[in-house]
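Q: Before anything else, here's the structure in question.
Just so you know, all these numbers are worked out from the coordinates, no wet-lab data involved. Treat the numbers as computed from the prediction; the structure is a model and nothing was measured. Here the Cβ is made from the backbone with ideal geometry for all residues, glycine too, and neighbour counts use every protein chain on show.
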Amino acid sequence: MNKNSSNIMALAPNTSNKRETVCIFGTGDFGRALGHKMIQSGYPVVYGSRSTQISNLIPKDAEVLSHAEAAQKAAIIIIAIQRQHYNFLVPLAEILHGKVLVDISNNLKLNQYPESNAEYLAQLLPGSRVVKAFNTVSAWALQSGTLDASRQVFVCGDDVEAKQMVMNIVRALGLTPLDKGSLLAAQEIENYPLQLFPMWKFPIFLSLGLTTFFFFYCLALDVIYTYIYEKNNFSFFIAITIPNRVCPVMALILLALVYLPGVFAAIIQLYRGTKYRRFPDWLDKWMLCRKQLGLIALAFASLHVVFTLVTPLRAFVSWRISKGIISQALNNKTEPLNNTNAWISDCYLALGILGFFLFVLLGITSLPSVSNNVNWREFRFVQSKLGYLALIFCTAHTLVYGGKWFLNPSAYKWYLPNIYMLSLVIPCAVLVVKFVLIFPCVDKPLTQIRQGWERNPKHSE
Amino acid sequence: MNKNSSNIMALAPNTSNKRETVCIFGTGDFGRALGHKMIQSGYPVVYGSRSTQISNLIPKDAEVLSHAEAAQKAAIIIIAIQRQHYNFLVPLAEILHGKVLVDISNNLKLNQYPESNAEYLAQLLPGSRVVKAFNTVSAWALQSGTLDASRQVFVCGDDVEAKQMVMNIVRALGLTPLDKGSLLAAQEIENYPLQLFPMWKFPIFLSLGLTTFFFFYCLALDVIYTYIYEKNNFSFFIAITIPNRVCPVMALILLALVYLPGVFAAIIQLYRGTKYRRFPDWLDKWMLCRKQLGLIALAFASLHVVFTLVTPLRAFVSWRISKGIISQALNNKTEPLNNTNAWISDCYLALGILGFFLFVLLGITSLPSVSNNVNWREFRFVQSKLGYLALIFCTAHTLVYGGKWFLNPSAYKWYLPNIYMLSLVIPCAVLVVKFVLIFPCVDKPLTQIRQGWERNPKHSE
Amino acid sequence: MNKNSSNIMALAPNTSNKRETVCIFGTGDFGRALGHKMIQSGYPVVYGSRSTQISNLIPKDAEVLSHAEAAQKAAIIIIAIQRQHYNFLVPLAEILHGKVLVDISNNLKLNQYPESNAEYLAQLLPGSRVVKAFNTVSAWALQSGTLDASRQVFVCGDDVEAKQMVMNIVRALGLTPLDKGSLLAAQEIENYPLQLFPMWKFPIFLSLGLTTFFFFYCLALDVIYTYIYEKNNFSFFIAITIPNRVCPVMALILLALVYLPGVFAAIIQLYRGTKYRRFPDWLDKWMLCRKQLGLIALAFASLHVVFTLVTPLRAFVSWRISKGIISQALNNKTEPLNNTNAWISDCYLALGILGFFLFVLLGITSLPSVSNNVNWREFRFVQSKLGYLALIFCTAHTLVYGGKWFLNPSAYKWYLPNIYMLSLVIPCAVLVVKFVLIFPCVDKPLTQIRQGWERNPKHSE
């Protein structure tokens, strides 16, 4: 490029085949696991330790020196000690000046300290170049050599060159570095491995609660009622029949709950006349877990499909069918084809199939690798247009299934409605309100508001 | 870039916890949404505006100044104004010298201007460092805080450091920056959000056209013919029976259309004796939408599978089966097992299952995250070898299904063939030609040509 | 990071719209394909060749010069010649000084040479800046314009600026560059395109072997035995019945084999009292292919599900059912509902459905894009907890299916057990040992060991 380019070559100094020495402070579990892995990958490793005696615990090819001696041997120092002991590094500040310090620490709780460990380290040693890395990898996975979990290592730091050096090590260990920007991102990176599906908690508890309620509701109506009033023991309904009633109900309700917050948001915006005020907190949270609600709904819908498809294989169903056929045969008559029944049965199945098909399509587009490949116009087209179509099909599927039973008093055992009737309340409400929102007289001001227009600019925050 | 760049090379200057001030030119919808989001993420925001009066429209924590004053307060200036007003920035050139200008504009049409907006801005202000970013994010998504669409922000620019600064902001807003290289990529990035599934258009219209044709073809043969000549009202066939005839036909034809262009390409290359001449345009376009054709074929195949599996649940089918059984019972005889029928029925089903299984495998490997993890040898192995196997299985499935009906004149209502016969034309043609192409006497020259050999070097372009 | 960094800022010099000239050494297939593609993307291309006569082979818009002349015209030189001819570049060392040399070569075998081709080139020309790139792209894909395979181009090199320049070209050609770090990664990148599913080989051969064995085992017991002793020709069982016995057996055994190495590892660690010693090689390899084993198990399970669901559509099954019904009708009696049978049949189906559901969930989380979005706590929760739950459900499914037959001597044709009994051996063993490992008296020391505690520190490596 130009004559100066030779200087740039300092950037990746390992032009020779030899890897640079790496220093590790601390001989705890993670320090040892990382050392093992680095030695395997061809890095000379030197440990910095208070006592140089415990050499039998650490990898045998590694050297053990005092902290000061070890630090002088390497340009990169991995700080495998806990945050509360960071203070002891302060006297070493001069030796550590200009060195790359890799903070790999994790906390026990989310946001345990006001600033992240890496930022705290950078404050203690302002002359060093701190990089956050490796905290998202488990020592066990590193040690066992079977990195079955994610191979991504989040890296952040204010010094681009230092970050490059650490990322080269990450790559050499067979992992994938992911640059998360400046050291400000350390807090987020330190919180990352502490989470266990944070966005899934509310949707899962909601589903479990509703499922339990509907299960016992069905148990009462289908098994206990039948046992008391008709003296039939249908206890085996617990295995398939009742799950196959609860699953579609859950799928339909959860799918409607995906679209309900959008309807609320539209109403709130219309009422306020502006989009520049934040929604209430509950609505914000609800909108953020719509994807999770939708995926759980899809899981219930899939179970419903499989439970339905195995119907002909069930001993009970075979028995019921053959009983029907034998009674016709014994009565010497064949029933003619009931055209209305054929229509209802086929419509009901076809609507369900189409609804489920669109549902699966929505699920596929929510896979991260697929949604990253579509722009937001495409994403909204799929998730909004196709999503409503799926909701319409599924609601119609349930309505046709119910058919004429709605007005039939025998469908109301103990004066309670069947659960598929309960399941229709929210979807129908969502569809009716959405239908109103589509009318030009409502849609036009809403569109204007969403494009930034405000009814009463004075009231905006 | 220039001598001033060394100052900027403090590359990530926000070592202190305080974020750097960001200036936004323009108080339109996107400018305000971005400002809101930045203030939420801890950035001090200052707006540059012609009139500093309209402060009630913009976020209340933001300052509003004249353009010149605002620009002096920040190193990064977001240009949230439309391209046609870029001219007014020229008088500010001196103040903007060395500053990072973030072009976030979009156009209304693909390739509306000869050069991209970002390149135009860079030409107007040669002393500034222009970065293209944020145009792929929707204001609505930013504002509502629910970034349900893709979180990817494409960033491009000629100045690496300026790009880093913008990418740090992108990360701080909770989005994922994706470096697209130099400012030359701006055109592509500006076109990106204007597209609505560009590669899917032709395959979808083709499928819709063919589906409509086959639907009415079936309607005529199965419902109208039966109504006229056999006085049976099978109108409910519209719901399941006819879709379940159209779907497999569409799946098979579209799958064959995936492999047809490859066969054409081979023939053209053999004829020309070189691979160094471009294919005709129609063939190029066809080859580019093979993946989409295949995925639509998979959708039809999946629908066919579900439509088939619900067969035993249909009222019409139950009625037909019980009618058959009752008539046997009334005639006091049981038919023996027909071994040929059992073979045909099981083969037909097994071939279909295997074909569908391979089809789904092809679909899974075409997921972006899966295909990125295989090299091209592996990809071609799956898509070519397994793909042809799937085509063979599916064609055989249809052939066995047809069975002996091909020669049966009663299968030709109104002298028209059943649609599954029509569906076999293209697949059989593809398989026969492919079979010929595998012969060593054809395969050898073709392989040579594809490795760069040319029959008549003179004629190459 | 230091005063030289300002020089680096020349980094993206193509501020003007004109692309920089690229030189290609070598007019072989890949050189020509790459040249074509670059000219299409707007790059002036100049070829360096021994003879400047063969101009009709190369793209017509390209210039052909001697090596020395061509090299002087460009900052980037693509070395499209084979490794054994690299020597001839040595005399050009002075001209190539400071130039970016792009090594695109591949080898014919894995690890053919002690050092990678790119490192060899860097050793020959220490003054040049070598970048490895493009070797993972196929010439055919480049030429045909239909990059149906992965668009990822792995790039590595010691010079950051040179790498940036090459990555800009990669992006301009419509491909996605992926920075793999320093030139040390070249070996890995050169091996990459030579692989054909390396991790899949053992699992696939194991599955093929076991499948063949079980197929003939079933053939003997179900078809040949029946033919010899019961004079029934059930040869059509080959199409569906036998596959549907082999598939679930394979799925269960392979799923158990996924969890068996983890159990072995725990026992070995307990016995050794440390986790800091490597597992035996066979165990390491086994653990590395667990994901592949699991996915093949899922494929077998999916086939089993579809094979089972088509049961009611089979001619043989219809015949058997109608025979049963007719014989009841002719005997003028209807069997009452057998409540135990109803329970067993429904339990068996419900357990299978739940097991398969969890299995599919495991499959989805093993998609790269999904597993990249979970941290290792989440990943282990899903793969370990849900995985064992799936194994428990599937084993219970098989046990309930077997039911009372285990003690029935007629189930042992030729004194051989039915294959579903064979399939239960490994899963039951895994579950029993895992159950023992959960006991606190065993689990506590194991957890300690996995956190780094050692029983006999002296014995550690």
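Q: I need to check one value: relative contact order of region B:22-194, counting alpha carbon pairs closer than 8 Å and at least 6 residues apart, in percent. Please report the intermediate quantities before stating the final value.
A: Working: 326 pairs, mean separation 34.8, N = 173.
Across region B:22-194, relative contact order equals 20 percent.
Q: For chain C, what does -39500 (n - 2.57) per DSSP helix run (n ≥ 4), summed and divided by total residues, give at 222 nm, in deg cm²/dmol to the nearest 500?
A: Working: 20 runs with 240 residues, N = 461.
Roughly -16000 deg cm²/dmol at 222 nm, from the helical runs in chain C.
Q: Taking the radius of gyration and the Kirkwood hydrodynamic radius from Cα positions alone, what is the Rg/Rh ratio for region A:137-276, to two decimal places?
A: Details: Rg = 25.8 Å, Rh = 20.8 Å.
When Rh is taken as the Kirkwood radius, the ratio is 1.24.
Q: While we're looking at this one, here's another question. Cα axis of helix B:419-438 to longest principal axis of chain B: angle in degrees, 0 to 90, nearest 10?
A: Taking the Cα atoms of chain B, the angle to B:419-438 is about 70 degrees.
Q: Follow-up question, since we're still on this one. With N residues in region A:265-359, what two-decimal value do you get for its Cα radius of gyration over 2.2 N^0.38 Å?
A: On the way: Rg = 23.6 Å, N = 95, 2.2 N^0.38 = 12.4 Å.
Its radius of gyration relative to the 2.2 N^0.38 Å reference: 1.90.
Q: How far is A:GLN195 from itself in the other copies, in nm, if each label sits 7 Å out from Cα along the Cα-Cβ line, shortest first?
A: Copy-to-copy label distances for A:GLN195: 3.0, 3.0 nm.
Q: What does the convex hull of the Cα atoms of region A:215-256 come to per residue, in Å³, rounded to a whole number?
A: In region A:215-256, the Cα hull volume divided by residue count equals 56 Å³.
Q: For a footprinting-style exposure proxy, rank C:VAL430, B:VAL102 by other Cβ within 10 Å, fewest first.
A: Values: C:VAL430 22, B:VAL102 31.
Ascending number of Cβ neighbours within 10 Å: C:VAL430, B:VAL102.
Q: Shortest first, in nm, what separates the label point of C:TRP282 from those of the same position in the other copies (7 Å along Cα→Cβ)?
A: 6.1, 6.1
Q: Any idea what % of Cα-Cα pairs in region C:200-451 are farther than 29 Å? Please report the intermediate quantities before stating the final value.
A: Details: 12678 of 31626 pairs.
Summing the P(r) tail past 29 Å for region C:200-451 gives 40 percent.
Q: Right, another one. Restricting to chain C, compute how many DSSP beta bridges are antiparallel as a %, nearest 5.
A: Numbers: 2 of 25 bridges.
Counting DSSP beta bridges with both partners in chain C, the antiparallel share is about 10 percent.
Q: Enumerate the calculated ³J(HN,Hα) couplings along region B:272-278 in order (Karplus 6.51 cos²θ - 1.76 cosθ + 1.60, θ = phi - 60°), each rounded to whole Hz, writing x wherever the residue is Gly or Pro.
A: Rounded to whole hertz, the list is 6, x, 7, 9, 8, 10, 5.
Q: Here is a follow-up. Which whole-number percent gives the relative contact order of chain B, counting Cα pairs below 8 Å spaced six or more residues apart? Before the final figure, lay out the partial values.
A: Values: 570 pairs, mean separation 52.9, N = 461.
So the answer I get is 11 percent.
Q: Order these by the 10 Å Cβ neighbour count, fewest first: A:TYR348, B:TYR120. Provide the component values of the computation, followed by the final result.
A: Values: A:TYR348 23, B:TYR120 18.
Ascending number of Cβ neighbours within 10 Å: B:TYR120, A:TYR348.
Q: Give the Debye-formula value of log10 I(q)/I(0) at each listed q (0.12 Å⁻¹), with one equal scatterer per alpha carbon of chain C, two decimals each.
A: The Cα Debye sum returns log10 ratios of -1.05.
Q: Can you tell me the relative contact order of region C:325-393? Whole percent, Cα pairs under 8 Å, sequence separation 6 or more.
A: Numbers: 27 pairs, mean separation 26.1, N = 69.
After rounding, I find 38 percent.
Q: For region B:22-194, with equal point scatterers placed on the C-alpha atoms only and solvent neglected, what are the log10 I(q)/I(0) values from the Debye formula at q = 0.09, 0.11, 0.14, 0.20 1/Å, to two decimals?
A: Summing over Cα pairs of region B:22-194 leads to -0.26, -0.40, -0.66, -1.48.
Q: May I pose another question? Taking the C-alpha atoms of the protein assembly as shown, how large are the radius of gyration and the largest Cα-Cα span, Dmax, in Å?
A: Considering the protein assembly as shown through its Cα atoms, Rg and Dmax are 34.4, 104 Å.
Q: Which log10 I(q)/I(0) values, to two decimals, does region A:336-461 give at q = 0.18 Å⁻¹ under the Debye formula with one point per Cα?
A: -1.09
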